[in-house]
Structure formats: C-alpha cells, structure tokens
C-alpha cells in the first residue's frame, strides 16, 4: 500500500532523511517516533507528495508520488485523509463547512447528503450538532477532532496523523487515542501516526518505526520495538515507559501493558 | 541579483497559477464572494480619498490657470487628471492597501498554519482555489471602483469649483465633458484591469512565500503593499505613454 524506498532528503547542509526504507502494513496502525528534528513530519509529507525526495521513492497505491503527474497525485490523495498538528481548519468556514469541504469538491452528493455525512462524522469524533460553530470558538482538542472528522469524511483508506496529541491535556489525548482505536476497529483504516506521546503510541500502534538523525533505527511490531536492544531506542522509550529487558530475556511491561489496555 | 531572483520566482508562481487555471478552472461561487468582499472593503476609504483628491485638483487647477485667464478650465483639468491618471491609480492604491494586504496576510496565515498543505492533501489545487477567485474578483471590481473614483473626483471638484471658487456650474460640466472622450474611459478601465492583476498576483505570491511565524506574515503583508504600489505606479507611466503617447 505504502512503500518508502531508500528515501534521502536534505535541506541545505542539513540531512533530514538518510536512506529510509519502510513498508506500511495495510489495515494496521504504524507509529513513527523519534526525537524532535529527526525528519518524522518530513517523512509524512513525502508520503502525500507535499515534499519531493532528493533520491529514493515513495510508492502509494502503486504510484510513485514524486514522478506522478498532478492529476495522478491528486487521485492518490483522495484515498488519504490527514490530521495536521493544529487541525489546519479554515478559519473563514464554520465547523460543518470545514468537514464538508472535501465532499463539496470531490463528490456529487446533494447538500442534504453532505449534511448527513458531516453530522455522522462529527458524531463519530464526539462533536454532534456543531455544524454552525465558528472554528475560533473551538478548543485545541476540539479543533483536532474536527480535523479528524474532515480527515475521515471521504472515507479514506489511509489516515495520517501529525502529532495528534501535541498540546493536549492527558484526558483529551486519551480521547483522541480511543477514537483512533475505535475507528480502526470499525472502519479498518490504515493509520500512520507521528507522535511524541510514547504511552499513547504504545496503546494504539501495531507497529513502531523509530527515526534518529534521519535514519530508521527501529521498525517492528510494537512489542518487539519495546524489547529492542538498540541503546538509542531504549534511551528514547525509557523516558516514558518502564521497559522490559532487551530481546531474549523474560520480563513484563508494567506501564506499557497498562497503557495498551487503556 | 536578489531582485532578479525574486522576479524569477514571481514569474514561476504566475506560470504555476496559469497552469492550475488551465487544469482546474475556477470556483465560481468564490469569485462572487471575493468580488463583493473586495468592493465592500475598499469602497468607503476610496470615496473619502477620491473626494478630497477631487477638491484639491479643482483648487490647484484654479490657482494654476487663473493667472492665465483660464480659471474656467478647472472642469477640464479635473476630468482629464481624474479619468486618465488619478482615478485608476487611486482606486488601485486603495485596493492594494485594503484588499491586497488582506490577501497577503490571509494566505500567509494559511501557509504557516498548514492550511495550504491541507488543501493539497484534500486534492484541491491551492492556486486555483485561492488565487483565481481573488484575481477574477479584483479584475471585475477594480474597473467599477475606478469609475466610482472618477465620478467622486468630478463631483467633489464641482462642489469646490461652484461653492468655494464661485465658478459657473454648467461651465465646469461643459469643460469637464469636453476634455475627455469615451476612449479615455476605456483606457482607464484597461489600466484598472492591469493594476488589479498586479495587486492580486503580487499579494498572493507574498502570501504563498511567507516566512514562518507572525513576523513572516507581517513582512509578507508589508512587502505586498509596497511592491504592488511601486509596480502599479511604474507601469502606469508606461501605460500612459503607450495609450496616450501619440494622442493630444
């Protein structure tokens, strides 16, 4: 579904991605973690073709995003939804108009059908009946939830999240994580999440990829990454979790397991 | 060197926009919304400025021509200056100050808040969606604002000529209409269309290329209005030379 092959990107002298290769498994949740400035957001923007690589490929649904024409790229993007860090909602539109925006552009649904679909998605994210509310009246968590409603309103096959929990209090973060888990179960969507929130990541992710200094230093199922012997992985995760012993040794995951249970 | 690079980047932006229009067309509903907004936003300040430019044209024309015995030429002076030069350029300056700065800041904020990236991810071309309605809107509205500006100048000039300078009203109107032709209005409209395109494309370009943070938006807004004004005034000279150079 999404293949990242030997991706290289630099901005001036700064190497941001240095030979990253990754295959995103369909129908599962993949979290991309790593210290700040290691290229996580840049990687996400490569996936949707917002940034072109210096070398390497990003293949989405069989289309090389860097080589594709604008029409081909847009056709692929219609199969994606993306939640931006602060929601990226349009301030001049109401909540409902924001969520309806992609439907009005890309479907032939009647205004009634659009309204129904939008109300349904707003209810999914816990904000029913907020069509007329102004974006400026929303809290940070509500903006993210409206952004999420907009990301899923076209019923995409893949949803990308750029820091879904940043700037949110623990309770709201927890609600967003629960939403992701519920949607994955109900809709079978593939999720790709960039996050600094390790506890939330462990709770929702089936797979974890860790970037450090532009390189992929870990890529496996969540439990395996938690047992990774890589010092940089352990140092990064230890900040938030009580880790098990490295691979091959028996241990339990007190806080991590708690987190996964929610 | 930096100016050349900027000019190249601007040309590239205009090319990208033109390609986007060819591929994606323009959202019609947005065009009317933008046209209405630009008109409503700019009209009050334009009326005030045009009125007082008209009063001063009448005064200066009167004081300049009176020693030569041509005080009654005030009407012709106001209409010629207003229709050929000041009407279009003042309407453009007000639209640049009000609508142009809003375009740059609005698009700049959208850039730094990732709303333009969001448009791209939703498979909506940002040039087609953000630039085209503004450009068509301004091209529709600025000629109308120019006409309003010209008539406001003529009217305020009339009031000063008749009630302050004691000239005959019908003489003012006779000379005002004798001084200009229908082609002067057509040329004024052509100038307005050109100025509208410059203001919109320059302002949108600064918005799209705006730097990070509120400082970047402020800088983009500032540069948009300064560059629009400079390019409009410079190109006005060349347009006047082309349009009126061979005429009386």
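Every number in this text was worked out from the coordinates using simple rules, so none of it is lab data. This is a predicted model, so every value here is computed, not measured. Please note: Cβ atoms are built from the backbone with ideal geometry, for glycine as well, and neighbour counts cover all protein chains shown.
Enclosing the Cα atoms of the stretch A:104-239 in their convex hull gives a volume equal to 134 cubic angstrom per residue. Taking packing as the residue-averaged number of other Cβ atoms within 10 angstrom, the listed peptides B:40-52, B:58-70, A:194-206 run from highest to lowest as A:194-206, B:40-52, B:58-70. For the pair the stretch B:47-107 / the stretch A:143-209, the C-alpha centres are spaced 58 Å from each other. Dividing the convex hull volume of the alpha-carbon atoms in the stretch A:1-148 by its residue count gives 145 Å³ per residue.
Among rounded, prolate and oblate, which fits chain A when a ≥ b ≥ c are the square roots of the eigenvalues of its C-alpha gyration tensor, a/c under 1.5 means rounded, and a/b larger than b/c means prolate? Oblate, because a/c is 1.5 or more while a/b does not exceed b/c.
Taking other C-beta atoms within 10 Å as the exposure proxy, B:203, A:136 rank A:136, B:203 from fewest upward. The angle between the Cα long axis of helix B:101-112 and the main principal axis of chain B comes to about 10°, on a 0 to 90 degree scale.
Where does helix A:140-152 land angle-wise versus the long Cα axis of chain A, in degrees 0 to 90, nearest 10? Approximately 80 degrees, to the nearest 10. Peptides A:120-128, B:167-175 ranked from most to least packed give A:120-128, B:167-175, packing being the mean of other C-beta atoms within 10 angstrom over each peptide's residues.
Taken as Cα centroids, the stretch A:38-80 and the stretch B:174-248 sit 39 Å apart, rounded to the nearest whole angstrom.
Across chain B, the convex hull enclosing all Cα atoms gives 145 Å³ per residue. The calculated pair-distance distribution of the stretch B:108-247 uses every alpha carbon pair, bins of 5 angstrom beginning at 0, and gives 2, 9, 13, 15, 14, 12, 11, 8, 6, 5, 3, 2, 1, 0 percent.
Pairs of Cα atoms in the protein assembly as shown fall into 10 Å distance bins, from 0 up to the last occupied one, in shares of 4, 16, 22, 20, 14, 10, 7, 5, 2, 1, 0 percent. Spacing of the modelled spin labels on residue A:61 and residue B:2, each 7 Å from Cα toward Cβ, amounts to 4.4 nm. Across peptide B:111-118, the average count of Cβ atoms from other chains found within 10 Å of a residue's Cβ is 6. Judged by the mean number of other Cβ atoms found within 10 Å, the most tightly packed of the peptides A:217-225, A:75-83, B:81-89, B:11-19 leads the ranking B:81-89, A:75-83, A:217-225, B:11-19.
As a proxy for reagent exposure, B:206, B:127 were ordered by neighbouring Cβ count within 10 angstrom, fewest first; the result is B:127, B:206. Using Cα-Cα distances under 8 Å and only pairs 6 or more residues apart, what relative contact order does chain A have, in percent? Reported as a whole number, the value is 23 percent.
If you take the square roots of the eigenvalues of the alpha-carbon gyration tensor of the stretch A:49-127 and sort them as a ≥ b ≥ c, do you get rounded (a/c under 1.5), prolate (a/b over b/c) or oblate?
Details: a/c = 2.64, a/b = 1.93, b/c = 1.37.
Taking the square roots of the gyration eigenvalues as a ≥ b ≥ c, the stretch A:49-127 is prolate.
Each Cα pair under 8 Å and six or more residues apart adds its separation to the average, and for chain B the resulting relative contact order is 31 percent. Kirkwood radius, the stretch B:144-200, all distinct C-alpha pairs, inverse of mean reciprocal distance: 12.7 Å. Over all directions, the projected convex hull of the C-alpha atoms in the stretch B:41-128 averages 7.3 nm² in area. Peptide A:78-87 is shielded by partner chain Cβ atoms: per residue, an average of 3 of them sit within 10 Å of its Cβ.
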